[in-house]
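Take a look at the structure set out below.
The values are calculated or read from the model by the stated rules, or taken from the named source; none is laboratory data. Being a predicted model, the structure only gives us computed values, none of them experimental. Cβ: placed from backbone, ideal geometry, glycine included. Neighbour counts: every protein chain shown. Note: accessible area is taken over every heavy atom of the protein model, side chains too, but ligands, DNA and RNA are not part of it. Shrake-Rupley method; radii C 1.70, N 1.55, O 1.52, S 1.80 Å.
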Amino acid sequence: MLRPQLSIDEWAEEFKRATVGLASMDIQTISYQESAQRMRDLLKTGLLRNTDLNKRPDRFFLAHRLLAQHAPKLGPGFWIRFTVHYNLCAGTVLGLGNEEQIKELDEWQEKGLLGCFSLTEKLAGVNSGLVVNTQAHWDSRTQTFNLTSPSHGAAKNWISQGLVADRTVVVADLMIEGKPHGPHAFVVNLRDNGQVLPDLDNASIAFSNVKLPKSALLNRFADIEGDKYVQKVEGMPVFHMIGQRLFTGRVAVAQAALEFRKSLFDMTKSYADSKKCWSPTGELSLSSIPQLKDIFIENRKSLDTLEAFVGKCEKQLSDCLTSGSLPSLQLVNAIAVAKVKAVEDSIDFCHRLQNDVGSYALMAGTGFEQKDFLTCCKFAEGDSRILMQKMSRDKIKQYEKKPPTPEQIQADEEAKVAASLLERLAADAKATGNKQEAWDKNWKLVYALADVIMNKTMESYMSRS
Ligand SMILES: Cc1cc2nc3c(=O)[nH]c(=O)nc-3n(C[C@H](O)[C@H](O)[C@H](O)COP(=O)(O)OP(=O)(O)OC[C@H]3O[C@@H](n4cnc5c(N)ncnc54)[C@H](O)[C@@H]3O)c2cc1C
């Protein structure tokens, strides 16, 4: 069912109606299968198409936001189910697949087939910079791939929806005549008519020479022709293209953290407005106690800033998605900042609220028991710490080539912190003879530099038209 004629507001109302039942799900008793069935039903409504990430990114992001509003009641489970299917699995097929592979997404939708995404391994994954040890060996005799996990550490791990999904996109090192060609993405059938196919062990998934047809390779950017590896589009390594999904994911995660926090604050505020407290001058509502009142005011201010910033990132990324262009380095950096800032700020404010609202925060149904949602946001699509390490590392590399001038150090906080980190790194590397040891020893300054970079990025990004 296509609904191109609906305005975005009308579409949002339809999506809300379709997900009203989800919000009343009893997460204490619901089984994986039942929850997955709700996701299948939602898919089959066709409200959000598997292809909307490119065609209607406004609906793609809005759907993520609307679902995150239920997170204080539902916890992280359903939202993760949703984003893993639409962004990581279908989104990777959209980004890397050929026309026929993309067309199959419509069939998945009509049948309500669920997808998952198998990147992380016990010893590799997003944290390792997408380097993986699962291998897909090209067999020229049968024109198929043998998918295999050569060691315990190469088994796929933490695969959300792996217990129920019908399809998975597996990221594996493509091997041709024993030569590695780096991470490539393959569509693998996990189940046929609900039954697990042979040779597979999940939701930690290990592969033991699973035969894949040639068509399993998502081959828009690279393929095998005459048993030789062919890069089809210059300057677009597959490794780089897999990483593109992380950008949509980071915007969706940033917005989800903000929506979770808004819902939690709204629920708590309506309780605090009606809760009476004792005071020397008579009864007060809990929300007018100064420290709590201040949290509500500060939270609103910070939310407004972050929503505007993340919203601008969404808008610019959506333009790239609909036009099929790659985001600029500036946008990629802004998205990383948006992800870290939105999540870390939400963790901070929700924690402060929890510790100032009294016994209410201990009660079931208040949303505080679902704060794990924010913990999931912290490591999903690029862990906050790893992203911050990268920000500092990139900046230090720039300054190593062209050290900050005394004028810059005086005028600019970023140059000042970078200069002091550079000085400490040089001294410690000289003393220990080990650059990584010096880097680790100065970890506090590394994260302090990332903080300054993030603030500066937000400021300059928002001041640009
Ligand atoms: C609920 C859930 C769902 C997931 N779903 C999927 C999925 O569907 N598909 C998929 O492929 N993956 C998935 N993942 C994996 C996820 O994206 C992370 O890659 C994975 O959680 C990282 O492993 P870990 O949590 O064991 O972190 P560890 O490697 O144990 O690291 C722990 C923490 O240490 C810090 N850290 C680690 N290394 C460094 C470093 N070098 N420098 C600085 N700090 C560091 C980080 O803060 C990190 O969070 C999921 C994970 C969870 C928990």
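Counting only residues at least eight positions apart within a chain, or on another chain, the lysines with an alpha carbon under 23 Å from that of Lys441 are Lys390, Lys395, Lys397, Lys401, Lys416, Lys430. Per residue, the stretch 386-463 exposes 63 Å² of solvent-accessible protein surface, assessed with a 1.4 angstrom probe and all protein chains in place.
Please work out the average accessible area per residue across the stretch 116-236, using the 1.4 Å probe convention, and give it in Å². Walk me through the numbers on the way to the answer.
On the way: 5450 Å² over 121 residues.
Per-residue value: 45 Å².
Summary of packing: across the peptides 183-193, 329-339, the per-residue average of other C-beta atoms within 10 Å ranks them, highest first, as 329-339, 183-193.
Put the Cα centre of the stretch 424-449 next to the Cα centre of the stretch 125-170 and the gap is 36 Å.
The residues neighbouring Lys441, those whose beta-carbon lies less than 9 Å from its own, together hold a net charge of -2 under the Lys/Arg +1, Asp/Glu -1 convention.
Applying the criteria of a DSSP loop state and at most 15 other Cβ atoms within 10 Å to the trypsin sites (Lys or Arg not before Pro) of the stretch 225-260 yields Lys232. When the alpha carbon gyration tensor of the stretch 116-236 is reduced to an equivalent ellipsoid, its three semi-axes come out at 22, 17, 13 angstrom, largest first. Put one equal scatterer on each alpha carbon of the stretch 201-346, apply the Debye formula with no solvent term, and list log10 I(q)/I(0) at q = 0.12, 0.16, 0.21 1/Å to two decimals. Debye output, listed in q order: -0.73, -0.96, -1.20. Taking the accessible area of the stretch 74-194, probe 1.4 Å, and keeping the other protein chains in place, the carbon and sulfur fraction comes to 50%.
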